[in-house]
Amino acid sequence: MRTCTKGTLVYDFMTTVKKCRLIVLTGFLLLMAIGAQAQISFGGKAAIKWTNYRTSELPTISQDKGDIAYYIRGFARFGKRWYFEPYLGVSSYGGEVSVQDDTNKDDFKLRLNSIDAGGYFGYRFFYDSPVMLRVYGGPLFNFYTKRDIDYVTPVRVTSGPVTDEDFRTTNIAMSVGAGLNFSIFTFDLEFETGITDILESPIGKDGAVRTNSFNFVLGVELSQED
């Protein structure tokens, strides 16, 4: 198990940046292509999320139950039919995870709070009509501000209890979605899945934990310039 310090947070951030260089370069090229379209809009949105943790390398660690979470974000949209949407916000993740050895199994709830930064690249259908359809996707970066573990069962696994210090302070995910614009309101369905393993200290010889969420989103475009 590791101790979470300022140096650890900086190291995790730099590791995250190195892993996402290709994503950033691709995004920059797409943003240049969209830049010729001058339309800009601003807004905010909130989501109710169904989250769980995707695990691998069974049987050491496995997922159990999901949980309800949220996000709140502010965004800007640049472009007309093709658009780029950077955003910044806060969110939470939840779910239940099991760890086990040859004879014992322990269950715990893992709750994460984070500051989120990311961007979507999307396309609008029926652009000049009262109702527009959008499809989009892009990277998401989580910077965890809180990691809570609550054991559902007594700790029996011989490797000892999992703690919040066993999980990373940053995460890279990908998000895809589709939505409708009606007047100033937006309605979206999104799916997010983690790319990086948020488990810093492997449990036994195996184990990986990644975030998953299905998001039901309501938003408002607050202002717009043509």
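Of the residues making up region 40-61, those that are surrounded by fewer than 19 Cβ atoms within 10 Å (Cβ to Cβ), modelled with pLDDT of 55 or more, out of contact with any Asp or Glu (no Cβ under 6 Å at 6 or more places or on another chain) and not hydrophobic (A, V, I, L, M, F, W, C) are G44, R54, S56.
The set of residues from region 117-138 being surrounded by 20 or more Cβ atoms within 10 Å (Cβ to Cβ) and under 12 Å from the mean Cα position of the chain (by Cα) comprises G118, G119, G138.
What is the residue count in region 109-153 for residues that are over 21 Å from D67 (Cα atoms) and not in a strand (DSSP E or B)?
5
Taking residues in region 161-180 that are under 18 Å from K109 (Cβ atoms), and partners anywhere that are at pLDDT 80 or above and among the charged types (D, E, K, R), the pairs with Cβ atoms closer than 6 Å and at least 6 places apart or on different chains are D164/R147; F167/R147.
The values are calculated or read from the model by the stated rules, or taken from the named source; none is laboratory data. Note that the structure is a prediction, hence the values are computed from the model and not measured. We place every Cβ from the backbone using ideal geometry, glycine too, and count neighbours over all the protein chains shown.
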